[in-house]
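Just so it is clear, none of the values below were taken in a lab; they were calculated from the coordinates. These numbers come from a predicted model, not from an experiment. All Cβ positions, glycine included, derive from the backbone under ideal geometry; neighbour counts span all protein chains shown.
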Protein chains: 2
Amino acid sequence: MTEKGSLIVLSGFSGVGKGTVLKKMMADHDNYAYSVSATTRLPREGEVNGKDYYFLTKKQFESMIGKAEFLEYARYVDHYYGTPKKYVEDKLKEGKDVILEIEVQGALNIRKMSPEAVLIYMLPPSAETLKARLSGRGTETAEVISGRLKQAYEEIRRIDQYDYVIVNENADECAERLHSLIQAQHLRTNQNLAFLGRIREELESFS
Amino acid sequence: MTEKGSLIVLSGFSGVGKGTVLKKMMADHDNYAYSVSATTRLPREGEVNGKDYYFLTKKQFESMIGKAEFLEYARYVDHYYGTPKKYVEDKLKEGKDVILEIEVQGALNIRKMSPEAVLIYMLPPSAETLKARLSGRGTETAEVISGRLKQAYEEIRRIDQYDYVIVNENADECAERLHSLIQAQHLRTNQNLAFLGRIREELESFS
């Protein structure tokens with residue numbers, strides 16, 4: 001009975017497993033569209049244009065800013081990051097639930113632009129688990145890990161601005177709970193005003 | 001990871017099937033507590049004290065009002081109806097999800113008293129279905145049915161004050177969706193502040 005898809009913003013500490021959970025959820029369920037961000041930073045090894053990011057030149061990015069083609073964008077250090085607007089709007093109109101996997105500042109910008117967006121923050125079962133996962137990757141130095149944990153500590157203050165938190169203890173189970181949570185958003189009253197209007201007209205016709 | 005149960009208020013047009021769906025959901029899933037309302041009206045045939053309602057005298061009811069023992073109460077025509085507070089508070093503390101099946105005015109009173117309450121309105125797939133269900137009972141006169149439909153028409157204007165609407169096309173499937181919706185409420189950020197606090201302290205201890 002829903003008219004439009006939901007705009008879902010997912011954030012979470014670095015190392016919490018957002019990518020794995022999203023991949024799982026989108027493999028098991030249709031109806032999702034993943035919004036790829038744009039950036040002016042260079043691709044890292046293995047990153048694919050249009051899949052991991054849209055890699056743009058600074059000139060291309062600024063031209064899109066000028067044409068108001070971003071839902072939100074921000075500049076970090078030397079690079080721009082942004083969410084192209086058209087894809088998100090098209091997919092929502094098609095009734096898809098659109099997933100934005102972005103960090104806290106971007107998420108709070110989305111909230112301002114689109115108050116009906118649903119902000120979800122993914123948490124580890126404990127900080128100890130997060131530390132173990134970051135160390136377990138075996139690719140990061142102790143310094144990098146310590147920086148990530150410090151960043152998590154800074155970030156956790158701002159999580160109270162999110163609508164929901166979801167704990168990733170097990171990726172399969174977390175993917176299912178995330179899916180249920182997103183599907184529940186379709187039942188929000190303000191997502192069903194046209195349906196309510198139809199019932200109301202029908203009831204009126206009876207009297 | 002939730003600290004407390006959720007307070008769930010379910011309303012819906014007369015004849016929409018709330019009772020059947022709730023019975024099904026509570027038979028299939030633990031963790032629910034059903035709050036029985038109190039009233040000063042006389043029991044109808046087959047109604048059981050303490051199960052359908054707590055049937056109280058006017059004196060008993062007014063004494064409870066005097067002691068602030070209702071979460072909300074209202075007077076309709078000649079009778080009082082109310083939600084005893086103690087049961088609700090005890091069960092929430094135990095971590096149960098407490099279900100109040102009450103009408104719109106009571107629901108909006110609960111919202112004022114307990115802003116964290118979740119208001120859900122159950123709808124038929126169409127007004128035609130509602131009419132058919134009311135007629136299909138075979139126990140109501142055409143006049144009574146017409147009155148119920150008129151009441152539904154009046155009520156639908158106020159549904160936009162509810163958080164969610166859920167369509168009852170099939171009771172089994174509706175019970176599962178209602179259960180998912182209620183479980184999703186446990187992920188609300190403001191229900192998990194103690195958990196967030198623990199992670200924060202743990203992260204702090206790392207630095």
Worksheet item: When only DSSP loop residues count, what GluC sites (Glu not before Pro) in segment A:1-66 have their Cβ near at most 15 other Cβ atoms within 10 Å?
Response: A:3, A:45, A:47
Worksheet item: What does the helix-only formula give at 222 nm for chain A: each DSSP H stretch with n ≥ 4 adding -39500 (n - 2.57), the total divided by the residues, and the result rounded to the nearest 500 deg cm²/dmol?
Response: -13500 deg cm²/dmol
Worksheet item: By how many nm would the segment from residue B:205 to residue B:158 lengthen if fully extended, with 0.36 nm per residue of separation less the alpha-carbon distance?
Response: 11.9 nm
Worksheet entry | Inverse of mean 1/r across different Cα pairs in the protein assembly as shown, Kirkwood, Å | 24.1 Å
Discussion item. Quick check: convex hull over the Cα atoms of segment A:1-151, volume per residue in Å³, rounded to an integer?
Written reply: 140 Å³
Discussion item. Distances in nm, one decimal, shortest first, from residue A:171 to the same residue in every other copy, taking the label point 7 angstrom along Cα→Cβ.
Written reply: 4.2
Practice prompt. Quick one: which residues, 5 or more positions from residue B:123 or on another chain, have an amide H under 5 Å from its amide H? H modelled 1.01 Å from N in the peptide plane, none for Pro or chain starts.
Written response: B:166, B:167, B:168
Fill in: Span from the segment B:32-94 Cα centroid across to the segment A:190-207 one, whole angstrom
33 Å
Worksheet item: Check residue B:95: other-chain or 5+ apart residues with amide H under 5 Å from its amide H, H built from backbone geometry?
Response: B:5
Practice prompt. Just the number, please: percent antiparallel of the DSSP beta bridges in chain B, rounded to the nearest 5.
Written response: 30 percent
Practice prompt. Calculate how steeply helix A:127-136 sits against the longest principal axis of the alpha-carbon atoms of chain A, using the helix alpha-carbon long axis, and give the answer as 0 to 90 degrees to the nearest 10.
Written response: 60 degrees
Practice prompt. Could you calculate the FRET efficiency of residue A:140 with residue A:171 from 1/(1 + (r/R0)^6), where r is the beta carbon distance between them and R0 is 30 Å, rounded to 0.05?
Written response: 0.90
Discussion item. Based on the alpha carbons, how large is the Rg to Rh ratio for segment A:84-172 when Rh follows Kirkwood?
Written reply: 1.04
Worksheet item: Dipole magnitude of the protein assembly as shown about its Cα centre, charges +1 at Lys/Arg Cβ and -1 at Asp/Glu Cβ only, in debye to the nearest 20?
Response: 660 debye
Discussion item. From the C-alpha coordinates alone, can you work out the Kirkwood hydrodynamic radius of segment A:135-207, in Å?
Written reply: 16.8 Å
Discussion item. Suppose you put the label 7 Å out from Cα in the Cβ direction; list, shortest first and in nm with one decimal, how far residue B:44 is from each other copy's label.
Written reply: 6.5
Discussion item. I need the phi-derived Karplus couplings for segment B:10-19: 6.51 cos²θ - 1.76 cosθ + 1.60, θ = phi - 60°, integer Hz, Gly and Pro marked x.
Written reply: 10, 10, x, 3, 4, x, 7, x, 4, x
Discussion item. Along the Cα→Cβ direction, 7 angstrom out, place labels at residue B:128 and residue A:198. What is the inter-label distance in nm?
Written reply: 1.1 nm
Worksheet item: For chain A, modelled as a GNM with alpha-carbon contacts under 10 angstrom, which of A:116, A:94, A:72 fluctuates the most?
Response: A:94
Worksheet entry | Karplus-derived HN-Hα couplings along segment A:187-202 (A = 6.51, B = -1.76, C = 1.60, θ = phi - 60°), whole Hz, x at Gly and Pro | 8, 4, 4, 6, 8, 10, 5, 5, 4, 4, x, 5, 4, 5, 4, 4
Worksheet item: How many nanometers, to one decimal and shortest first, lie between the label point of residue B:79 and those of its other copies, if labels sit 7 Å from Cα toward Cβ?
Response: 6.8
